1. Looking at segment 288-306, which of its residues are of a type in the set (D, E, K, R) and either assigned to a helix (DSSP H, G or I) or on the phi > 0 side of the Ramachandran plot (or both)?
2. Please determine, by comparing only the residues of segment 261-282 that are closer than 11 Å to residue 220 by Cα and in contact with a strand residue (DSSP E or B) (Cβ under 6 Å, 6 or more places away or on another chain), which one is farthest from the ligand (Cβ to nearest atom).
3. If a residue has to be among the small types (Gly, Ala, Ser) and in a strand (DSSP E or B) to count, how many in segment 307-334 make the cut?
4. Just one of the numbered conditions (1) within 16 Å of the ligand (Cβ to nearest atom); (2) loosely packed, with under 15 Cβ neighbours inside 10 Å is not true of residue 169; which one?
5. I need a count of the residues in segment 217-257 that are surrounded by 15 or more Cβ atoms within 10 Å (Cβ to Cβ), within 14 Å of the ligand (Cβ to nearest atom), in contact (Cβ under 8 Å) with a residue 60 or more places away in the chain and not in a helix (DSSP H, G or I).
6. Which of (1) more than 16 Å from the ligand (Cβ to nearest atom); (2) crowded, with 19+ Cβ neighbours inside 10 Å; (3) more than 24 Å from residue 330 (Cβ to Cβ) does residue 201 not meet, given it meets every other one?
7. In segment 98-138, which residues are small (Gly, Ala, Ser) and either over 27 Å from residue 155 (Cβ atoms) or modelled with pLDDT of 95 or more (or both)?
8. Within segment 124-144, is even one residue in a loop (DSSP other than H, G, I, E, B), within 12 Å of the ligand (Cβ to nearest atom) and surrounded by fewer than 24 Cβ atoms within 10 Å (Cβ to Cβ)?
Amino acid sequence: MLPDPQVVTISRFLVDQERRFPEATGAFTNILHDIALAAKVISREVRKAGLVDILGHAGLENVHGEEVQKLDVFANDVLYRALDHTGYVACLASEESEDIIPIPERFPAGEYVVLYDPLDGSSNIDVNVSIGTIFSIHRKISAGERGVLEDCLQPGFRQLAAGYALYGSSTMLVYTTGAGVHGFTLDPSLGEFLLSHPGMRIPDPPAKTYSVNEAYYNRWSAGQQRLVSWLKGEGGFGSRYIGSLVADVHRTLLQGGLFMYPADRVHPEGKLRLLYEMAPMAMIVTQAGGRASDGRGDLLDIQPRSLHQRTPVYLGSPGFVELAERYLAGDPEV
Ligand code: P6P
């Protein structure tokens, strides 16, 4: 049975969006389509993860009879294989790879660079907590035919697109190309991502929810400690912390609030990665009417120095992010 005519698949949505840009070549659309396909494959394996003990690896061998890999290694391979041969990509970068990932010489290279965290929060798999894939797309800026490190070290405001897949109670794909944020939910019976959240906006008034790992309270700066003490005291905020970045950001996007991973004495740059975690999340949240800061200024303005560099992060409802910046700056007015 065909789905209702008003049901929009991600493929149709991408084509409709592309029509709005006459100069579009379709390459960009195809990259997003390839990432959506990779997300479906990863989702299928993540959903089986709980069965490894029951079925043993025999039930989870792939078509080559190879034993199932660790899920984050598997996800990394799936994204690489979805993107390496298409001719649209100049180079790749992954949380799983120390250096940039070149496109094999046997394949043509293209004009785009894709950076990704293939499966963030994979430590949460064993306890069945939602996990996710995060991606960021830039245009190649170097002169050569194939991408180099310089093409990956671009500030977040130059991103052409950013998005994430969330493997939760349902599998969602949320992305932006700079024209709003759109969410799609996977219908496993159709094998299609269907448009479920067109034009996502952080609600205003927002939920008064802060999200941070308070186990590190004693490592924090005085400003950070004062901020959280106010939020949970006079500010009347509630607290939600899943400890899985994509899930915590997705909730903040849907409900509003303030997600934080501060710098501290142990993590002077914070824990979360800039290029393939926080820059894409910052583009998404900003496009949805929110803000993302490193505690001093807009996270999208940071000029990256290295592929895996970390950054403190304060993202969510703009007023709450600004309040955090004022506390961290020691503003006597707060
Ligand atoms: P902590 C998961 O390990 C992760 O990389 C992110 O998904 C999450 O936001 C963060 O680390 C949680 O870190 O120190 O609170 O356990």
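1. Passing the criteria: only 301.
2. If we filter segment 261-282 for residues that are closer than 11 Å to residue 220 by Cα, which is where we start, we get 261-268, 270.
Checking the rest, the ones that are also in contact with a strand residue (DSSP E or B) (Cβ under 6 Å, 6 or more places away or on another chain) come to 261, 270.
Details: 261: 6, 270: 10 Å.
That would be 270.
3. Just the residues of segment 307-334 that are among the small types (Gly, Ala, Ser), to begin with: 316-317, 319, 324, 329-330.
Of the ones still in play, those that are also in a strand (DSSP E or B) are 316.
Summing the residues that are among the small types (Gly, Ala, Ser) and in a strand (DSSP E or B) in segment 307-334 gives 1.
4. Every listed condition holds for residue 169 apart from (1).
5. So the count comes out to 2.
6. Here residue 201 clears every test but (2).
7. Within segment 98-138, 109, 110, 122, 123, 130, 132, 136 meet the criteria.
8. Within segment 124-144 (the criterion being in a loop (DSSP other than H, G, I, E, B), within 12 Å of the ligand (Cβ to nearest atom) and surrounded by fewer than 24 Cβ atoms within 10 Å (Cβ to Cβ)), the answer is yes, since at least one residue qualifies.
The values are calculated or read from the model by the stated rules, or taken from the named source; none is laboratory data. Just so it is clear, the model here is predicted, and its values are computed rather than measured. Cβ atoms come from the backbone with ideal geometry, glycine included; neighbour counts cover every protein chain shown.
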